[in-house]
Amino acid sequence: MLAVGIVVAIAAVLVVREAGRIAKDPPPALFDVDEAYEWVVQHLPDAVASTLTPDDVRRILEFQLEFFQRKGVAAGNGSKSGPTGPVVVGEAEAVAFILERTAATGEPYLPEQVHAVIETQLTYLRSIGAVGPAAGRRRPDGRPKDDEP
């Protein structure tokens with residue numbers, strides 16, 4: 001009985017210690033391309049989803065990932081270190097890049113289609129903790145602002 005109590009006490013200490021460590025320094029968000037693709041296809045607004053095939057969505061997402069890699073915010077398999085400070089990625093810049101790349105490959109899309117896919121993808125990235133709030137939406141201490149416009 002004493003041995004069981006000791007084991008439970010040790011387990012409790014380890015759980016509390018790890019919970020504190022994770023709360024202080026959370027692990028990085030893991031991005032899975034296939035999971036992101038499935039999520040975006042399921043959550044894309046109907047008005048846009050009716051104009052794009054799943055292959056179109058995948059193509060737009062692949063070009064968005066290429067854009068992120070060129071900006072230095074996606075390192076592929078983790079073999080490269082990321083930027084040391086915040087990176088601001090403008091949506092208009094991303095849309096323009098994707099439109100240019102898709103037109104060059106013979107699959108042009110409307111800006112509204114690309115914008116909707118990007119917005120849905122950003123919602124996914126926020127949900128897994130991979131991106132923070134929009135630039136300018138942080139308090140002076142670096143914490144994100146909640147519901148302030």
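The values are calculated or read from the model by the stated rules, or taken from the named source; none is laboratory data. On a predicted model such as this, the values are computed, not experimentally measured, just so you know. Positions of Cβ are generated from backbone atoms using ideal geometry, with glycine treated the same way; all protein chains shown enter the neighbour counts.
Numbers at a glance
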{"item": "Residue that is nearest to THR123 (Cα to Cα), among those in the range 46-55 that are buried (at least 18 other Cβ atoms within 10 Å of the Cβ) and not small (Gly, Ala, Ser)", "result": "VAL48"}
{"item": "Residue count, the range 111-126 (criterion: free of Cβ contacts under 8 Å to residues at least 12 places away in the same chain and farther than 16 Å from PHE68 by Cβ)", "result": "0"}
{"item": "All positions within the range 63-86 that are surrounded by 14 or more Cβ atoms within 10 Å (Cβ to Cβ) and either at pLDDT 65 or above or among the β-branched types (Val, Ile, Thr) (or both)", "result": "PHE63, GLN64, LEU65, GLU66, PHE67, PHE68, LYS71, VAL73"}
{"item": "Verdict on ALA96 being out of contact with any Ser or Thr (no Cβ under 6 Å at 6 or more places or on another chain), modelled with pLDDT under 90 and surrounded by 12 or more Cβ atoms within 10 Å (Cβ to Cβ)", "result": "no"}
{"item": "Residues located in the range 88-110, provided they are of a type in the set (A, V, I, L, M) and either under 16 Å from PHE67 (Cα atoms) or under 22 Å from the mean Cα position of the chain (by Cα) (or both)", "result": "VAL88, VAL89, ALA92, ALA94, VAL95, ALA96, ILE98, LEU99, ALA103, ALA104"}
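Yes/no per residue for (1) modelled with pLDDT of 95 or more; (2) among the charged types (D, E, K, R); (3) part of a loop (DSSP other than H, G, I, E, B):
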| site | (1), (2), (3) |
| --- | --- |
| VAL7 | no, no, no |
| ALA12 | no, no, no |
| ARG17 | no, yes, no |
| ARG21 | no, yes, no |
| PRO28 | no, no, yes |
| PHE31 | no, no, yes |
| GLU35 | no, yes, no |
| VAL41 | no, no, no |
| ALA47 | no, no, no |
